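S.K.: Structure in structure tokens, see below.
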Amino acid sequence: MQLKLSKLLIIFFIIGSSITFVYAADYHYVKEKALILKDGSEADKIEAVQELGRLSSNANFIIDDLIFSLRNDGSHEVRMEIIRALERIGGQANKTVPALIEALGDQNWEIRWSAAGALTSFGKKSAMAVPELVGLLRDSEDYVRNAALSTLGKMGPISVAAMMDEVSKSLDHTEDQLYMRIICIRSLGALGAKAMVAVPLLIKNSTHEDINVRLESVIALRKIGGDDSMPGEIGWLAEPDEMIWPKVGPKMEGNFLMFAEAKQMVIYAIVDSLLKSIDDPDQRVSYAAIKGIANFGKKALPVKDKLVDYMNRGSPIIRRVAIDTLANMGEEADDVIPDLVTALSDFDVNVQWAAIQALRVKGYKAVPELIYMLEYDDDTLTPNILKTFAEIGNEAKGAVNNLLIILKHENPQYRALAAEALGEIGEPSRQVMNSLESLKNDKDRNVIKTVEWSLNELRIIQIRRGNED
Amino acid sequence: MKINLYHIIFLLVALFYNRNILAENIYVDLELVLAVDVSSSVDEDEYQLQIRGVGAAFRHPDVIAAIESTGGNGIAVAMVQWSDNEEQALVGGWHIIKDAADASEYARIIRRTPRIIAGGQTSIAGALSFSINEIKNNNIDSGRKVIDVSGDGRANNGIHPMNIRNLAIEDNITINGLVIINEEPFLDGYFERGVIGGRGAFMMVAEDYKDYAAMILQKLLREIGMPVS
């Protein structure tokens, strides 16, 4: 026992020494890089800073040196690298965040841009930067404005009030003011459920006279309503000071179910607003509204007939998004399968693809209608039906006999697609294998290649099933 | 060391059995890497929408027509899945596409492509470095080399993509972007500034993964059909 204990001690000693050695090596390495920051050439400094950034939190103790150089180095390239390194090292927010805030006021736009982006990494710890970031939304440089907005959008509820304030300001019809409103609306959308408190304001803006304000409001409502986060997940209960949700009453506090109920009420308000926006005279707003409704699945069922109508008479982009939305409505919208199959013959290829994907979601339920429509030998419809069988896969096994007939079709494209669908369906019956084998010497190269692929797939399935037996 | 007859015979035999040493590179009209984001922000449905979208695009008659009219040598395509700085994978190798049969075959391969990388952070620089390396070491030559990187988030891992983008430009590789703005609404500006670059570089924006198929189709048509913007 004594011997074992001594062995154990030796092992601990070796591990301990190794850790100390590695740490010491790291420490000296980092210090060495810090010296280069003081005396090196511009290229050496950039390389050293990049190395420090790669060390991530291991270079934490060098933050003071980096901040000093950020303030005093003459090269803006070096300073940009320092900001990136500080972002990656990530520690000591009490020192780093003020230094980055200082950099937000730099004369060089690339420094302002880098600093605004770097603050993202500090989350709520960068809350003190909100006023400066809001100020940067008016920056002369587009990249800086976008970076500030992106960071505000990621900071969470802390920035909601600031942005709502900007959206509420009356427009003096200058381009700058309008731009501010638009980008703040976009940022509120980026916050998702955390910006739930802004919903009434956004609904109001969704009927604004300016098309871009309406469009961004609809998109923001869609993002807020489509965010599945629940209050607990968004840190709402833990941080009552943060303004995320309208206070309905004292009973709600701490009651998760009632929060969910309140959220539901807000979502209905959003759906109602999006429904009104579908009829917007501008197609972009209409598109955004329909796309938004797709986020609400069954809750959007009342609008099903309207969507079918849009699917048949809207522009290609509206038809496509209407199909996506119908596909998301679940089994209560299964009665639209014939409309989806008809959409396979749409003249726009993206609409056709949306219909194929929607029918894939419907699975075996779509197969009878697809088989029925095979009777119409149509250059657009038939290949798309065959592609749909391939996309549905094994659930389309009810179509195997029809596919065997199409393998003999005079059109090589049909033969190839039927062979491929058989491979995807994966039912290697003797009849299927023999029919495919008979096409191995087809005159069309694509048919031959597809048949080889399908046979290979089916043989793999045969082997697998044989092994299982 | 003396070189005797046995050494020479051994060398000749080795060369005979390993013809790649002697083989010349294949020449195509375009080398295209499709670098697909599979970081943690991309769920399984979104991954499926991406690969099915790519597969559908390669079946489109306009894409096939564009490939057939590039110059007769076809295009070489490869898909790279990527997430953080250590996670990239070339899936299914390089494929030469010259006609509809090749394109259909590639579409089938893509549709069956499993997700090799399960998630991770986002290193666009890692994706670009890996893709550049694949282009340089694929034994294929071409007049145009393009990396088509799609993603839904800023890099939060690895070095800034701008550094690698500049290396790509030095190697005459164009980087185009397909930005999915479902997570970060201002990502297009980030890609424009720090990711895309090179001769005729361009970027397209998809609102979400449901728009991916429509966008990748347009993008491929432009990439294959337009040598210079």
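S.K.: Counting other beta carbons within 10 Å of each Cβ, put A:ILE63, B:ILE224, A:ILE463, A:ILE293 in order, fewest first. List each step's numbers first, then the result.
M.R.: Numbers: A:ILE63 19, B:ILE224 25, A:ILE463 11, A:ILE293 29.
Arranged by neighbour count, lowest to highest, A:ILE63, B:ILE224, A:ILE463, A:ILE293 become A:ILE463, A:ILE63, B:ILE224, A:ILE293.
S.K.: Using label points projected 7 Å from each Cα along Cα→Cβ, tell me how many nm separate A:LYS125 and A:THR207, to one decimal.
M.R.: Once both label points are built, they end up 4.6 nm from each other.
S.K.: Label the protein assembly as shown by shape, choosing from rounded, prolate and oblate, from the square roots a ≥ b ≥ c of the eigenvalues of the Cα gyration tensor; if a/c is under 1.5 it is rounded, and otherwise prolate applies when a/b is larger than b/c, oblate when it is not. Mind showing how you got there, number by number?
M.R.: On the way: a/c = 1.81, a/b = 1.15, b/c = 1.57.
The shape class here is oblate.
S.K.: Near B:LYS136, which lysines are there with a Cα under 26 Å away, not counting those fewer than 8 places off in the same chain?
M.R.: Cross-link targets: B:LYS98, B:LYS145, B:LYS219.
S.K.: Just to verify a number: FRET efficiency for A:LEU301 and A:LYS443, C-beta to C-beta distance, R0 = 45 Å, to 0.05? Don't skip to the answer; put the middle values down first.
M.R.: Working: r = 51 Å, r/R0 = 1.12.
The formula returns an efficiency of 0.35 here.
S.K.: Find which of A:ALA116, A:VAL218, A:ASN58 sits farthest along the positive direction of the dipole of the protein assembly as shown, computed with +1 on the beta-carbon of Lys and Arg, -1 on that of Asp and Glu, about the Cα centre.
M.R.: Ranked along the dipole, the leading option is A:ASN58.
S.K.: What distance in nm separates the simple spin-label points at B:ASP43 and A:ARG459, each placed 7 Å from Cα in the Cβ direction?
M.R.: 3.9
S.K.: Nearest 20 debye, what's the magnitude of the dipole of the stretch A:101-199 about its Cα centre given +1 on Lys and Arg Cβ and -1 on Asp and Glu Cβ? Working shown, then result.
M.R.: On the way: 10 positive and 12 negative charges, 113 e Å.
In total the dipole reaches around 540 debye.
S.K.: Here is a follow-up. Counting other C-beta atoms within 10 Å, which of A:SER277, A:SER121 has the fewest, and how do the rest follow? Walk me through the intermediate numbers first.
M.R.: On the way: A:SER277 25, A:SER121 19.
Final ranking by Cβ density, sparse to dense: A:SER121, A:SER277.
S.K.: Same structure again: So if each residue of separation counts as 0.36 nm, and I subtract the Cα-Cα distance between B:TYR27 and B:ARG112, what length gain in nm does that give?
M.R.: Working: separation 85, 0.36 × 85 = 30.60 nm, distance 2.74 nm.
Residue separation times 0.36 nm, minus the Cα-Cα distance, leaves 27.9 nm.
S.K.: In what order do A:LEU404, A:LEU455 fall by count of nearby beta-carbon atoms within 10 Å, going from fewest to most? Intermediate values should be presented prior to the final figure.
M.R.: Numbers: A:LEU404 17, A:LEU455 20.
Result, fewest neighbours first: A:LEU404, A:LEU455.
S.K.: Between rounded, prolate and oblate, where does the stretch A:16-91 land on the alpha carbon gyration tensor, with a ≥ b ≥ c its root eigenvalues, rounded for a/c under 1.5, else prolate if a/b exceeds b/c?
M.R.: On the way: a/c = 2.44, a/b = 1.81, b/c = 1.35.
Verdict is prolate for the stretch A:16-91.
S.K.: Here is a follow-up. In straight Cα distance, which lysines are under 23 Å from A:LYS299, not counting same-chain residues fewer than 8 positions off?
M.R.: Partners found: A:LYS194, A:LYS204, A:LYS223, A:LYS263, A:LYS276, A:LYS291, A:LYS362, A:LYS365, B:LYS210.
S.K.: Mind checking which of A:MET311, A:GLY297, A:ALA327 is farthest towards the positive end of the stretch A:296-373's charge dipole, using Cβ charges of +1 (Lys, Arg) and -1 (Asp, Glu) about the Cα centre?
M.R.: A:GLY297
S.K.: Using Cα pairs under 8 angstrom and six or more residues apart, how large is the relative contact order of chain A, in percent?
M.R.: Details: 642 pairs, mean separation 28.8, N = 469.
Relative contact order for chain A comes out at 6 percent.
S.K.: Rounded, prolate or oblate: which fits the stretch A:262-361 when a ≥ b ≥ c are the square roots of the eigenvalues of the alpha-carbon gyration tensor, with rounded for a/c under 1.5 and prolate only if a/b beats b/c? Before the final figure, lay out each step's value.
M.R.: On the way: a/c = 2.31, a/b = 1.40, b/c = 1.65.
Oblate.
S.K.: Given 0.36 nm per residue, what is the gain on full extension from A:MET265 to A:TYR372 after removing their alpha carbon distance, in nm?
M.R.: On the way: separation 107, 0.36 × 107 = 38.52 nm, distance 4.29 nm.
Result: 34.2 nm gained on full extension.
S.K.: Something else about it: If you count, for every residue in A:321-328, the Cβ atoms of partner chains within 10 Å of its Cβ, what is the mean?
M.R.: On the way: counts 3, 0, 1, 3, 1, 0, 1, 1.
Rounded to a whole number, the mean comes out at 1.
S.K.: Sorted by mean Cβ packing within 10 Å, highest first, what order do the peptides B:59-72, A:179-192 take?
M.R.: Details: B:59-72: 16.8, A:179-192: 24.1.
Packing order, densest peptide first, comes out as A:179-192, B:59-72.
S.K.: Counting only other chains, what is the mean number of Cβ atoms within 10 angstrom of the Cβ of each residue in peptide A:289-295? Mind dumping the intermediate values first?
M.R.: Values: counts 0, 0, 4, 0, 0, 2, 1.
The per-residue average across the peptide is 1.
S.K.: Let me ask you something else. FRET efficiency for B:ASP141 and A:PHE68, Cβ-Cβ distance as r, R0 = 56 Å, nearest 0.05? Mind dumping the intermediate values first?
M.R.: Values: r = 50 Å, r/R0 = 0.89.
With a Förster radius of 56 Å, E is 0.65.
S.K.: Within 12 Å, Cβ to Cβ, of A:THR380, how many net charges do the neighbouring residues add up to if Lys/Arg are +1 and Asp/Glu are -1? Let's see the in-between values first.
M.R.: Working: positive: A:LYS387; negative: A:ASP346, A:ASP348, A:ASP377, A:ASP378, A:ASP379.
Residues near A:THR380 contribute -4 overall.
S.K.: To continue, here is another question. Looking at the protein assembly as shown, send over the antiparallel percent of its DSSP beta bridges, to the nearest 5. Walk me through the numbers before you get to the answer.
M.R.: On the way: 8 of 35 bridges.
DSSP beta bridges in the protein assembly as shown are roughly 25 percent antiparallel.
S.K.: Other chains' Cβ within 10 Å of B:107-116 residues: what's the mean? Let's see the in-between values first.
M.R.: Values: counts 2, 9, 1, 0, 4, 4, 0, 0, 0, 0.
Mean shielding by partner chains, rounded to a whole number: 2.
S.K.: In nm, to one decimal, how far is the A:ALA43 label point from the A:ASP279 one, both placed 7 Å along Cα→Cβ?
M.R.: The two pseudo-label positions are separated by 6.8 nm.
We did not get these values from a lab; they are worked out from the coordinates using the rules stated. Nothing here was measured: the structure is a model prediction, and the numbers come from that model. Heads up, the Cβs are rebuilt from the backbone with ideal geometry, glycines too, and the neighbour counts pull from every protein chain shown.
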